[in-house]
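Peer 1: Submitted below is the structure of interest, expressed as structure tokens.
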Protein chains: 2
Amino acid sequence: MKWGWLLLGVLLTCAYLCWSEKGLEFPEYDGKDRVHQLTIKNYKSVMKRYDVMVIYYHKAVGEDRMSRKQFEVEELALELAAQVLDDLEDEDIGFGLVDSKKDRAVAQKLGLLEVDSIYIFADDEIIEYDGELAADTLLEFLYDVIEEPVEIISNDRELKGFHHIEEDIKLMGYFKSAKSSHFIEYDDAAEEFHPFIKFFATFEPKIAKKLNLKMNEVDFYEPFMNKPVSIPGKPYMEDNIVSFIEEHDRPTLRKLKPHSMYEIWEDDINGQHIVAFAEESDPDGYEFLEILKEVAQENTENPDLSIIWIDPDDFPLMVPYWEKTFGIDLSSPQIGVVDVEDADSVWMEMDDEENMPTADELDTWIEDVMSGRINPVDEDLECQVIL
Amino acid sequence: MKWGWLLLGVLLTCAYLCWSEKGLEFPEYDGKDRVHQLTIKNYKSVMKRYDVMVIYYHKAVGEDRMSRKQFEVEELALELAAQVLDDLEDEDIGFGLVDSKKDRAVAQKLGLLEVDSIYIFADDEIIEYDGELAADTLLEFLYDVIEEPVEIISNDRELKGFHHIEEDIKLMGYFKSAKSSHFIEYDDAAEEFHPFIKFFATFEPKIAKKLNLKMNEVDFYEPFMNKPVSIPGKPYMEDNIVSFIEEHDRPTLRKLKPHSMYEIWEDDINGQHIVAFAEESDPDGYEFLEILKEVAQENTENPDLSIIWIDPDDFPLMVPYWEKTFGIDLSSPQIGVVDVEDADSVWMEMDDEENMPTADELDTWIEDVMSGRINPVDEDLECQVIL
């Protein structure tokens with residue numbers, strides 16, 4: 001009898017725990033090893049088993065406790081991602097590790113170049129993921145990878161949804177149908193940039209009319225710009241579209257995203273970045289962002305201007321580090337110039353949290369940065385002289 | 001000389017690694033233990049050392065490998081959060097663990113009730129965090145905790161930013177100044193709900209006029225509703241505001257957020273949830289969400305209707321689990337009823353991905369759910385009969 005009661009107790013406890021979150025059981029790592037250690041002997045046979053292969057090309061792991069612990073955390077992130085994807089129905093997605101020292105031969109065979117990057121082998125494409133090594137960010141990216149590279153817009157509400165996307169580079173084309181040879185060229189071009197650049201198309205004359213698109217024409221939209229640019233020389237071959245994008249893929253204003261943060265940071269201009277911090281979900285930040293967009297729209301023709309907008313909400317782990325490194329308070333908006341070599345920086349003075357600069361003031365400040373009148377290196381010298 | 005070259009090599013390697021990401025060094029766990037194991041002997045002295053104390057009240061850790069591994073992952077998340085907050089200037093935020101079996105006495109003293117929850121002790125308030133146990137989600141929440149509970153709106157652009165916030169319950173009050181006794185009552189009420197519910201105030205007659213607010217009046221905004229409700233009986237005491245919110249804190253349409261996901265899931269209606277999946281950044285999802293908002297706005301007076309909107313982009317780790325549990329494809333929008341006891345569910349049939357239901361069709365479907373004509377339990381029976 002005692003056992004009976006105990007068992008009931010256990011069952012009730014379990015029932016409570018299970019029921020209370022049924023439908024919302026957050027995955028926890030189950031301890032099973034799913035990530036493969038790729039070697040020159042096994043890499044071909046392992047990779048054959050999957051539709052998509054995700055390979056982390058990592059630097060050799062140091063002997064000290066900290067290095068081992070850090071690598072363990074990275075491995076756990078990949079294991080968790082692999083475990084979650086085990087439940088996916090349509091695609092088999094595999095994970096592998098390549099050590100840049102021990103497995104150099106594998107890296108060479110596969111064409112892995114940048115250490116500490118993740119390479120995704122999908123169909124005939126190799127996609128480099130140069131973002132945060134966290135299971136959720138990586139998974140979100142992988143879901144985009146396995147989607148179709150071109151999304152079709154067929155009614156007004158979807159068109160509204162298309163216009164709602166303003167943070168990414170996007171293209172919109174108008175074609176007769178999915179069978180049109182011009183659409184197929186467009187689709188091939190999309191594969192080259194998928195999933196970093198968003199490709200849309202419509203086959204509806206009504207939608208095309210609203211977008212002012214002629215048949216077989218493609219419009220290119222910079223992030224945060226209301227007006228697109230039509231790619232010249234329609235109808236296009238794949239190469240025309242690809243080279244146009246390659247010439248225009250550094251926008252005047254771009255948002256730092258966790259899945260491509262390192263890639264964007266490496267794309268500096270003369271060793272510097274203009275960086276703006278603004279929290280969109282905060283009225284102060286929203287206000288500053290509106291001013292910033294206005295200034296970006298006015299300067300969109302300037303090829304040397306590329307402002308990186310960082311929403312601190314997207315990078316909770318980085319906030320205290322940025323505050324300390326740059327000597328700023330991120331509870332209100334900030335704009336500054338950062339030297340990427342030593343992280344020296346100089347920030348626009350904003351007298352009063354309640355009074356953001358006007359678009360003109362911001363524009364003047366940006367001009368001063370562009371002309372070199374405001375420069376983080378000078379600030380250093382100034383400090384030295386003063387000291 | 002050899003040592004000299006070696007040292008130079010090390011310095012160069014470090015320089016390369018450091019320079020390449022200067023300004024963007026993502027924190028990795030440094031291996032240092034910062035999270036305290038709280039016991040009946042040490043908890044008072046530990047808690048005295050911090051402005052804010054974050055306590056994870058966890059169930060006893062099992063002996064098997066999986067349980068230990070899972071707990072280790074949870075501990076690592078807290079350690080990383082604690083490490084990141086070490087750099088924070090203004091606040092000392094401490095982390096502690098309380099084992100629900102071994103440290104039951106501490107839990108009782110501190111009033112910890114729900115196992116597997118995180119309790120945040122800040123000033124005189126205890127805030128329960130019933131969300132995802134991940135460093136970034138927890139940190140984002142903690143930054144909100146240490147902010148002022150009422151945000152002041154002082155110009156048109158900030159007002160635009162205020163209107164831009166539509167996913168949260170928000171309140172807006174108009175007062176003479178921050179010294180007004182009515183504002184102080186409002187501020188006290190805000191502390192009770194901070195940071196889950198957003199409190200705003202303005203001291204500007206021009207802004208108040210645009211919002212149709214009279215002096216000392218407070219408007220209550222449901223998520224996704226354009227029109228607010230004025231709280232009756234101004235000027236209010238703290239209690240009036242608190243009880244009004246408590247009566248209205250279950251909105252017609254609410255978004256599942258990682259920081260409060262379990263709390264929302266526990267707030268079911270007759271053991272069921274109406275759940276809508278829609279990816280806002282996808283034109284299909286955006287379209288469906290527009291229809292959903294329209295239907296919610298029409299039904300806002302119905303106290304028994306509370307739809308949970310889940311954007312799959314916010315929960316990359318859950319997507320394959322939901323697809324499997326509910327038997328649905330999350331690459332296009334879905335709406336269904338979920339039984340929280342066993343996760344049985346029934347989903348609205350949408351003939352064609354390209355043709356979303358109209359607002360009327362969706363409204364009829366929701367009526368059928370509310371009246372019990374559509375019911376996940378029936379579906380079960382049906383299946384059994386068929387089998």
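Peer 1: May I ask you to list pairs of residues, at least six apart or on different chains, whose Cβ atoms are under 9 Å apart, with the first in region B:173-193 being free of Cβ contacts under 8 Å to residues at least 12 places away in the same chain and the second being in a helix (DSSP H, G or I) and acidic (Asp, Glu)?
Peer 2: Taking only residues 6 or more apart or on different chains, the pairs are B:Ile184/B:Glu238.
Peer 1: For region B:59-76, which positions are part of a helix (DSSP H, G or I) and facing chain A (nearest Cβ under 10 Å)? Can you show your working first?
Peer 2: Within region B:59-76, the first condition is being part of a helix (DSSP H, G or I), and the residues that meet it are B:65-76.
Scanning region B:59-76 gives B:Arg65, B:Met66, B:Ser67, B:Arg68, B:Lys69, B:Gln70, B:Phe71, B:Glu72, B:Val73, B:Glu74, B:Leu76.
Peer 1: Now, a different point. Which one of the conditions (1) over 28 Å from the mean Cα position of the chain (by Cα); (2) at pLDDT below 95; (3) surrounded by 14 or more Cβ atoms within 10 Å (Cβ to Cβ) does B:Thr39 fail to meet, given that it meets all the rest?
Peer 2: Every listed condition holds for B:Thr39 apart from (2).
Peer 1: Next question. How do the pairs read when you match residues in region A:69-82 that are without any contact (Cβ under 8 Å) to a residue 40 or more places away in the chain with residues anywhere that are not in a helix (DSSP H, G or I), using Cβ under 7 Å and keeping only pairs 6 or more apart or on different chains?
Peer 2: A:Lys69/B:Tyr29; A:Lys69/B:Gly31; A:Gln70/B:Glu28; A:Gln70/B:Tyr29; A:Phe71/A:Val61; A:Val73/B:Glu28; A:Val73/B:Tyr29
Peer 1: Can you tell me how many residues in region A:278-306 are crowded, with 22+ Cβ neighbours inside 10 Å and either at the interface with chain B (Cβ under 8 Å from one of its Cβ atoms) or free of Cβ contacts under 8 Å to residues at least 60 places away in the same chain (or both)?
Peer 2: First, pick out the residues of region A:278-306 that are crowded, with 22+ Cβ neighbours inside 10 Å: A:278-279, A:282-289, A:291-292, A:295-296.
Those still in the list that are either at the interface with chain B (Cβ under 8 Å from one of its Cβ atoms) or free of Cβ contacts under 8 Å to residues at least 60 places away in the same chain (or both) too: A:278-279, A:282-287, A:289, A:291.
Of the residues in region A:278-306, 10 are crowded, with 22+ Cβ neighbours inside 10 Å and either at the interface with chain B (Cβ under 8 Å from one of its Cβ atoms) or free of Cβ contacts under 8 Å to residues at least 60 places away in the same chain (or both).
Peer 1: Pick from region A:320-343 the residues that are among the aliphatic types (A, V, I, L, M) and within 7 Å of chain B (Cβ to nearest Cβ): which of them is surrounded by the most Cβ atoms within 10 Å (Cβ to Cβ)? Write out each step before concluding.
Peer 2: At the first step, the residues of region A:320-343 found to be among the aliphatic types (A, V, I, L, M) are A:328, A:330, A:335, A:337-338, A:340, A:343.
Next cut, within 7 Å of chain B (Cβ to nearest Cβ) only: A:338, A:340, A:343.
Details: A:Val338: 26, A:Val340: 22, A:Ala343: 18.
Residue satisfying both the conditions and the ranking: A:Val338.
Peer 1: Collect the residues in region B:110-132 that are buried (at least 19 other Cβ atoms within 10 Å of the Cβ), in a loop (DSSP other than H, G, I, E, B) and within 12 Å of the chain's Cα centre (by Cα), keeping them in residue-number order.
Peer 2: Within region B:110-132, B:Gly131, B:Glu132 meet the criteria.
Peer 1: Looking at (1) under 20 Å from A:Phe162 (Cβ atoms); (2) in contact with a His (Cβ under 6 Å, 6 or more places away or on another chain), can you tell me which one A:Gln297 breaks?
Peer 2: Of the numbered conditions (1) under 20 Å from A:Phe162 (Cβ atoms); (2) in contact with a His (Cβ under 6 Å, 6 or more places away or on another chain), the odd one out for A:Gln297 is (2).
Peer 1: Please tell me if B:Asp313 is under 27 Å from A:Lys160 (Cβ atoms), of a type in the set (Asp, Glu) and in the same structural domain as B:Met261 (by the TED database).
Peer 2: On the way: under 27 Å from A:Lys160 (Cβ atoms): yes; of a type in the set (Asp, Glu): yes; in the same structural domain as B:Met261 (by the TED database): yes.
So B:Asp313 passes the test.
Peer 1: Out of all the residues in region A:101-109, is one or more assigned to a loop (DSSP other than H, G, I, E, B) and either away from every other protein chain (no Cβ under 14 Å) or surrounded by 17 or more Cβ atoms within 10 Å (Cβ to Cβ) (or both)?
Peer 2: Within region A:101-109, one or more residues are assigned to a loop (DSSP other than H, G, I, E, B) and either away from every other protein chain (no Cβ under 14 Å) or surrounded by 17 or more Cβ atoms within 10 Å (Cβ to Cβ) (or both).
Peer 1: Anything in region B:263-277 that is crowded, with 20+ Cβ neighbours inside 10 Å and either charged (D, E, K, R) or at the interface with chain A (Cβ under 7 Å from one of its Cβ atoms) (or both)? List them, or say none.
Peer 2: If the condition is that a residue be crowded, with 20+ Cβ neighbours inside 10 Å and either charged (D, E, K, R) or at the interface with chain A (Cβ under 7 Å from one of its Cβ atoms) (or both), then B:Trp265 is the only one that fits.
Peer 1: Please enumerate the residues belonging to region B:243-262 that are more than 14 Å from A:Gly23 (Cβ to Cβ) and at the interface with chain A (Cβ under 10 Å from one of its Cβ atoms).
Peer 2: Applying the first criterion (more than 14 Å from A:Gly23 (Cβ to Cβ)) to region B:243-262 yields B:243-255, B:257-260.
Across region B:243-262, the qualifying residue is only B:Pro258.
Peer 1: Which of the residues that make up region A:139-156 are in contact with a strand residue (DSSP E or B) (Cβ under 9 Å, 6 or more places away or on another chain), at the interface with chain B (Cβ under 8 Å from one of its Cβ atoms) and modelled with pLDDT of 95 or more?
Peer 2: Across region A:139-156, the qualifying residues are A:Glu151, A:Ile152, A:Ile153.
Peer 1: Just the residues that are in contact (Cβ under 8 Å) with a residue 60 or more places away in the chain and over 24 Å from B:Ala135 (Cα atoms), please, taken from region B:107-120.
Peer 2: Keep residues of region B:107-120 that are in contact (Cβ under 8 Å) with a residue 60 or more places away in the chain, which gives B:109-110, B:117-120.
Of everything in region B:107-120, just one residue is in contact (Cβ under 8 Å) with a residue 60 or more places away in the chain and over 24 Å from B:Ala135 (Cα atoms), namely B:Lys109.
Peer 1: Let me ask something else. Pick from B:Gln83, B:Gln70, B:Gln37: which is out of contact with any Gly (no Cβ under 6 Å at 6 or more places or on another chain) and under 28 Å from A:Ser331 (Cα atoms)? Before you say what the answer is, go through the steps one by one.
Peer 2: Numbers: B:Gln70 fails: under 28 Å from A:Ser331 (Cα atoms); B:Gln37 fails: under 28 Å from A:Ser331 (Cα atoms).
Being out of contact with any Gly (no Cβ under 6 Å at 6 or more places or on another chain) and under 28 Å from A:Ser331 (Cα atoms) holds for just one of B:Gln83, B:Gln70, B:Gln37, which is B:Gln83.
Peer 1: Is it fair to say A:Ile308 is within 24 Å of B:Leu159 (Cβ to Cβ), at pLDDT 95 or above and within 23 Å of the chain's Cα centre (by Cα)?
Peer 2: Details: within 24 Å of B:Leu159 (Cβ to Cβ): no; at pLDDT 95 or above: yes; within 23 Å of the chain's Cα centre (by Cα): yes.
In short, no.
Peer 1: Listed residues B:Arg250, B:Arg254; which is of a type in the set (D, E, K, R), farther than 18 Å from B:Phe183 by Cα and touching a helix residue (DSSP H, G or I) at 6+ places or on another chain (Cβ under 8 Å)? It would help to see each step written out before you state the result.
Peer 2: Working: B:Arg250 fails: touching a helix residue (DSSP H, G or I) at 6+ places or on another chain (Cβ under 8 Å).
From the options B:Arg250, B:Arg254, the qualifying one is B:Arg254.
Peer 1: To continue, here is another question. Go through B:Glu91, B:Glu79 for me and flag whichever is in contact with a strand residue (DSSP E or B) (Cβ under 9 Å, 6 or more places away or on another chain), part of a loop (DSSP other than H, G, I, E, B), closer than 30 Å to A:Gly327 by Cα and within 14 Å of chain A (Cβ to nearest Cβ).
Peer 2: On the way: B:Glu79 fails: part of a loop (DSSP other than H, G, I, E, B).
Unique residue meeting the criteria: B:Glu91.
Peer 1: Please go through region B:29-51 and give me each residue that is away from chain A (no Cβ under 14 Å) and within 19 Å of A:Val319 (Cβ to Cβ), ordered by number. Steps first, please.
Peer 2: First, pick out the residues of region B:29-51 that are away from chain A (no Cβ under 14 Å): B:35-51.
Once the filter is applied, which keeps residues that are away from chain A (no Cβ under 14 Å) and within 19 Å of A:Val319 (Cβ to Cβ), region B:29-51 yields B:Tyr50, B:Asp51.
Peer 1: Could you tell me how many of the residues in region B:205-228 are on the phi > 0 side of the Ramachandran plot, touching a residue at least 40 places away in the same chain (Cβ under 8 Å) and not hydrophobic (A, V, I, L, M, F, W, C)?
Peer 2: Taking region B:205-228 and keeping what is on the phi > 0 side of the Ramachandran plot, we get B:212, B:216, B:224.
When the remaining residues are screened for being touching a residue at least 40 places away in the same chain (Cβ under 8 Å), the result is B:216, B:224.
So of that shortlist, the ones also not hydrophobic (A, V, I, L, M, F, W, C) come out as B:216.
Within region B:205-228, residues that are on the phi > 0 side of the Ramachandran plot, touching a residue at least 40 places away in the same chain (Cβ under 8 Å) and not hydrophobic (A, V, I, L, M, F, W, C) number 1.
The values are calculated or read from the model by the stated rules, or taken from the named source; none is laboratory data. Note that the structure is a prediction, hence the values are computed from the model and not measured. Glycine also receives a Cβ, built like all others from the backbone with ideal geometry; neighbour counts cover every protein chain displayed.
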